Every structure is written in structure tokens, then in C-alpha cells.
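Enquirer: Questions regarding the structure given below will be posed in turn.
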Amino acid sequence: MKTIRYELADGIATLTFDEPGSPVNTMCADWQRDLTEAVAQVLRDQEAIKGIVLASAKSTFFAGADLKGTMRLQPSDAAAVFAEIEQTKKNFRTLETLGVPVVSCINGAALGGGWEVALVGHHRIAVDNPKIQLGLPEITLGLIPGATGITKMVRLLGLMGAQPYILESQLFNRRQALDLGLVHQLVATDADLRPAALAWIADHPSARHPWDEKDYRMPGGSPSSPKLAGMLSVAPAVLKQKTRGLYPAPEAALAAMVEGALVDFDTATRIESRYLAGLIVSPVAKAMINTFFFHMNAIKGGHSRPKDVPRFKPAKVGILGAGMMGAGIAYAQASKGIATVLKDVSREQAEKGKAYSAKITQPRVDKGRMSPHDQQALLDRITATDSAADLAGCDLIIEAVYENRELKARVTQEAEAQLAPAGSSPATPPPCPSVVWRRPAATPRASSASTSSARWTR
């Protein structure tokens, strides 16, 4: 096998994903063949296996589909794609129903197909690393989660609970996943993953997914329940209003969610496969993958950056003015892990600006989409002050005070002296908002995000 290492020792079968020549693991053709071979080996060794561990040799767990391969597909390939998807699901199902516990050791990001691989595990353990992202971003690429992602997320969270993560492609971190019950355990380091997995296997000699239990009930009710039926009756119209009929992926995802919730698990996954097979060979998906994945990664990778301009990420940034603009910038920076000094004429005004970050994150905490721990960590990165001395050591200083030429000149001259040693500023501050003083020849990296919103309720 090229992309999977299979090992059996002391009753534990370990499948380690390690695609050669690639920084990440993908569902490439070799991986699909290797998974079939690995599962066949598991069946041959079944009598000796007490548990199965899914792991990654990369710095991330699994990246998902092979999008380069997807770009080569033609409409005539739909039937073959459907067969490939079904084979992958058959392999997943074999591992899940073998009767032994399966543990997914999530050492890094698991997105799209990667999250669907992680969902194979009856028990999912992740490293407590704030950089780890999890979720199903397929809708943003004109696709749908088609390797059991829709079926399992709906059965884990319910139709309404799964909606943001499927129809809107909202990603989540390891603590949010823990709160949602999508991840069961966090460990401190990569080295702790396997011992934790072996301990869980020892304590749970047999394991099944919730939907395979006889007494399983879908959270929030099925589509036929009176409460959901009313909302679902208007959902297609609401979605059509959002997509204008030009964005087929959300409509296919909604159909797969609802239709799948009305039938047994295996039939639901087959419905998923049919919708995905039609989308993946469409020109819409190819255009979106090209634009929102390949082109966007080229931009983020700095392909248009002049060769003599090095990458730069500030560690500490000061903001002059805690009004609407300054408060918004402070939140944006702190949410990206940047230490921020928010200065205004009084400590009270500065604290009001900081309070904006608490206000904007609280609804996410209330809905379980952000943990109180992560909210507090974000707020701790913002220092509200009325003292220019607190700006000492800033790599950047952003001026965001109101339109007053004399005030702008005074606060920027005061702040300039506090820049980090390599910092510099123009001789005369220009009279415009949001002037940035920074290190010479250093350009902060821009970030962008796209979202797809399709709420079921008005």
C-alpha cells in the first residue's frame, strides 16, 4: 500500500495515513485502493483484532478530497464516481460494524473528507491545539459532504443542529467539537493520542455508533415530526431565495439531509452519494473549486507578492481610538491570535471598545459555537488602556481616531516613539483614518473568508 501503513500488534490494528510526496493526506485514487486493501486485511485478521486506531503521519489528520483529480472529471464520469464513493463508504461501514472499538486520533486539521474519515471512529480524540480546524467546507466549493458526512452529522446533531455545519459550512475548533459531542476527548500533545486511544479501547471492548443502537432517536425529531415539518415546508423556498437557483450544492445538501433522515442509515448514505456524483462533475463545482480553492490558496500563498517583500505577521499591534472602527479592528486581530493594545483618551472609553468583542462573541458562546474558554482567551489578548506607554514594542500601530487633523497628528506622534526598534513612520502623519505605521518593507498577510448562509427560519 502506498498511502496507508497497516500494523497489527498486541491486538491493535493501526491504519496510519501517509500519502507520499504530499504534505497532507487526501482521498486520491491510490488512497481509495489502499483503503479497500487495508480493510480486506482487517477482515483477514479479525479474530486477532481487539481494537482499531486511525492515525496520521502528517502534521494534519486528513485534508479531504483530491481536488486536482476532481477538476479532471467529465459528466460521463458520474457513474464511476458514484461507484467509488460507495466503495469508500462500504470500507467505512465495515470498520464501524466489525464489533471492535475504532478510535480516531486527530492530531491536526480534519476538513471535508478528512472529517468524514474521523467520524469513522466510535471514539474521537483530538489534540488540544487552538490551530486545529474541523468541519465540512464542501458547500463553499460547490460540493456536498458525500462520504457519510451529511448522514452522520444529522444523526449526531439533528436536522436543525447540523444545518450550520452542512449548509453554511461553518467550521469548528476542538473545544467546540467537544461541547457538541463530535469529539469525545482532548489530550495535551500528539504523543498522548495513542496511549489515550489504547486506554479507551481497553475500557470498551465493543463499540457501536449511536445510530446502530436499537433505541436510537434522532436529536430534535425526524422530518415527519410536527415541529420540524412546518419549518421544512418553507426551507426550499428560503434556500432558493438565497441561491437564486444558481447555487445547486446547498439545495442538494438540504435534500440529502431531509431525505436521509427519513430512511435507514445505509439508504441515507446512498442518497448522499447520488447527489454528490451529480455535483462533482458539474461545471459549477469546477468553477468554484478553481476560484475558491486553487486561486484563493495562490493568493494566501503570496504568489502575487513581490519577491523582495518578506512575509510578516505582527506579534503585537496597537490601535489608536476605541470607537466603532478601532473596536472592530481589535476584535479582528484578537480573533487571529494577535496581541492588541486598544488605546483611547480614557480607560473607560477603551474598555467600551473592548466590550465590543465580548458582545460579538457572546451569542456564539450562548449557541455552543464558541467555548467560554476561547472567548476569554480572545478578550485577554486585548489590552484596553489610556496610556501611550502600553504601546511599547508594537510591531504596527493603526490610527483610527475621528476626523480631526490636529488630534491625528498628536496621537500618532505620541505613539510613534513606542514602536518596536525596527519600526518607522512617515515624517508628517497624513490626515486620514486608519493610517498604519509599521516596520519597513513588511506587509501584513491578508485573510479572507467566504460563507454561505441558508437559514431555515425567517
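The values are calculated or read from the model by the stated rules, or taken from the named source; none is laboratory data. Everything numeric in this text was worked out from a predicted model, so none of it was measured. Glycine also receives a Cβ, built like all others from the backbone with ideal geometry; neighbour counts cover every protein chain displayed.
Enquirer: Is it the case, given these coordinates, that Ala249 is in a helix (DSSP H, G or I) and either in the same structural domain as Phe82 (by TED's automatic domain parsing) or among the small types (Gly, Ala, Ser) (or both)?
Expert: So Ala249 passes the test.
Enquirer: Then there's this: Could you list, in sequence order, the residues of the range 302-341 that are touching a Lys or Arg at 6+ places or on another chain (Cβ under 8 Å), modelled with pLDDT of 90 or more and over 24 Å from Gln376 (Cβ atoms)?
Expert: If the condition is that a residue be touching a Lys or Arg at 6+ places or on another chain (Cβ under 8 Å), modelled with pLDDT of 90 or more and over 24 Å from Gln376 (Cβ atoms), then Leu320, Gly321 are the ones that fit.
Enquirer: Now a separate question. If we keep just the residues of the range 212-245 that are in a helix (DSSP H, G or I) and small (Gly, Ala, Ser), which is nearest to Ala256 (Cα to Cα)?
Expert: So, considering only residues that are in a helix (DSSP H, G or I) and small (Gly, Ala, Ser), the one nearest to Ala256 (Cα to Cα) is Ala235.
Enquirer: Being modelled with pLDDT of 90 or more and farther than 23 Å from Met324 by Cα narrows it down to one residue among Pro363, Pro372, Pro426; which is it?
Expert: Just one listed residue meets the conditions, Pro372.
Enquirer: Arg155: assigned to a helix (DSSP H, G or I) and touching a residue at least 60 places away in the same chain (Cβ under 8 Å), yes or no?
Expert: Yes: the conditions hold for Arg155.
Enquirer: Separate question: Which ones in the range 138-153 are more than 16 Å from the chain's Cα centre (by Cα) and closer than 17 Å to Phe294 by Cβ?
Expert: Gly142
Enquirer: Follow-up question, since we're still on this one. For Asp30, state whether it is in contact (Cβ under 8 Å) with a residue 40 or more places away in the chain, surrounded by fewer than 22 Cβ atoms within 10 Å (Cβ to Cβ), more than 25 Å from His204 (Cα to Cα) and not aliphatic (A, V, I, L, M).
Expert: Answer is no for this residue.
Enquirer: So which residues in the range 36-58 are of a type in the set (Lys, Arg) and surrounded by 13 or more Cβ atoms within 10 Å (Cβ to Cβ)?
Expert: Lys50, Lys58, listed by residue number.
Enquirer: Something else now. Of the residues Leu156, Leu141, Leu167, which single one is at negative phi, surrounded by fewer than 23 Cβ atoms within 10 Å (Cβ to Cβ), not small (Gly, Ala, Ser) and not assigned by TED's automatic domain parsing to the domain that holds Gln375?
Expert: Going through Leu156, Leu141, Leu167 in turn, the sole match is Leu156.
Enquirer: Answer yes if at least one residue in the range 182-193 is surrounded by fewer than 18 Cβ atoms within 10 Å (Cβ to Cβ) and β-branched (Val, Ile, Thr), and no otherwise.
Expert: yes
Enquirer: Further, regarding this structure: Run down Val263, Val284, Val309, Val258 and say which single residue is in contact with a Phe, Trp or Tyr (Cβ under 9 Å, 6 or more places away or on another chain) and not small (Gly, Ala, Ser).
Expert: Testing whether each residue is in contact with a Phe, Trp or Tyr (Cβ under 9 Å, 6 or more places away or on another chain) and not small (Gly, Ala, Ser) leaves just Val284.
Enquirer: Okay, next question. Here are the criteria: (1) out of contact with any strand residue (DSSP E or B) (no Cβ under 8 Å at 6 or more places or on another chain); (2) in a helix (DSSP H, G or I). Tell me which single one Ala196 does not satisfy.
Expert: (1)
To keep it simple, each residue is scored yes or no on (1) outside the structural domain of Leu246 (by TED's automatic domain parsing); (2) acidic (Asp, Glu); (3) in contact with a helix residue (DSSP H, G or I) (Cβ under 7 Å, 6 or more places away or on another chain).
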position	(1), (2), (3)
Thr267	no, no, no
His303	yes, no, no
Pro306	yes, no, no
Met324	yes, no, no
Arg369	yes, no, yes
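Enquirer: Could you grab me the full set of residues in the range 1-58 that are within 20 Å of His122 (Cα to Cα), assigned to a helix (DSSP H, G or I) and of a type in the set (D, E, K, R)?
Expert: Answer for the range 1-58, where residues must be within 20 Å of His122 (Cα to Cα), assigned to a helix (DSSP H, G or I) and of a type in the set (D, E, K, R): just Glu47.
Enquirer: Further question on the same structure: From the set of residues in the range 59-86 that are part of a helix (DSSP H, G or I) and of a type in the set (A, V, I, L, M), which is surrounded by the fewest Cβ atoms within 10 Å (Cβ to Cβ)?
Expert: Ala79
Enquirer: Being in contact with an Asp or Glu (Cβ under 7 Å, 6 or more places away or on another chain) and of a type in the set (A, V, I, L, M, F, W, C) narrows it down to one residue among Ala298, Ala315, Ala377; which is it?
Expert: None of the others qualify; the one that does is Ala315.
Enquirer: Now for a different question. Restricting to the range 249-274, name every residue that is in contact (Cβ under 8 Å) with a residue 60 or more places away in the chain and touching a Ser or Thr at 6+ places or on another chain (Cβ under 7 Å).
Expert: Of everything in the range 249-274, those that are in contact (Cβ under 8 Å) with a residue 60 or more places away in the chain and touching a Ser or Thr at 6+ places or on another chain (Cβ under 7 Å) turn out to be Pro250, Gly260, Ala261, Phe265, Ala268, Thr269, Glu272.
Enquirer: Return the pairs, sorted by first residue and then second, in which the second residue is among the β-branched types (Val, Ile, Thr) and part of a loop (DSSP other than H, G, I, E, B), the first residue lies in the range 45-57 and is free of Cβ contacts under 8 Å to residues at least 60 places away in the same chain and assigned by TED's automatic domain parsing to the domain that holds Asp10, the beta carbons are less than 7 Å apart, and the residues are 6+ apart or on different chains.
Expert: Correct list of pairs: Ile49/Val100; Ile52/Val100.
Enquirer: If you scan the range 132-152, which residues turn out to be under 19 Å from Ala235 (Cβ atoms) and in a loop (DSSP other than H, G, I, E, B)?
Expert: Answer for the range 132-152, where residues must be under 19 Å from Ala235 (Cβ atoms) and in a loop (DSSP other than H, G, I, E, B): Leu136, Ile144, Pro145.
Enquirer: Still on this structure, please answer the following. List the number of the failed condition for Thr361; all other conditions in (1) closer than 17 Å to Gln176 by Cα; (2) surrounded by fewer than 19 Cβ atoms within 10 Å (Cβ to Cβ); (3) hydroxyl-bearing (Ser, Thr, Tyr) hold.
Expert: Just one mismatch for Thr361, condition (2).
Enquirer: Still on this structure, please answer the following. Across the range 377-411, what is the number of residues that are among the polar types (S, T, N, Q) and either in a helix (DSSP H, G or I) or surrounded by fewer than 17 Cβ atoms within 10 Å (Cβ to Cβ) (or both)?
Expert: Of the residues in the range 377-411, 2 are among the polar types (S, T, N, Q) and either in a helix (DSSP H, G or I) or surrounded by fewer than 17 Cβ atoms within 10 Å (Cβ to Cβ) (or both).
Enquirer: Go through the range 252-289 and count every residue that is in a loop (DSSP other than H, G, I, E, B) and surrounded by 21 or more Cβ atoms within 10 Å (Cβ to Cβ).
Expert: So the count comes out to 0.
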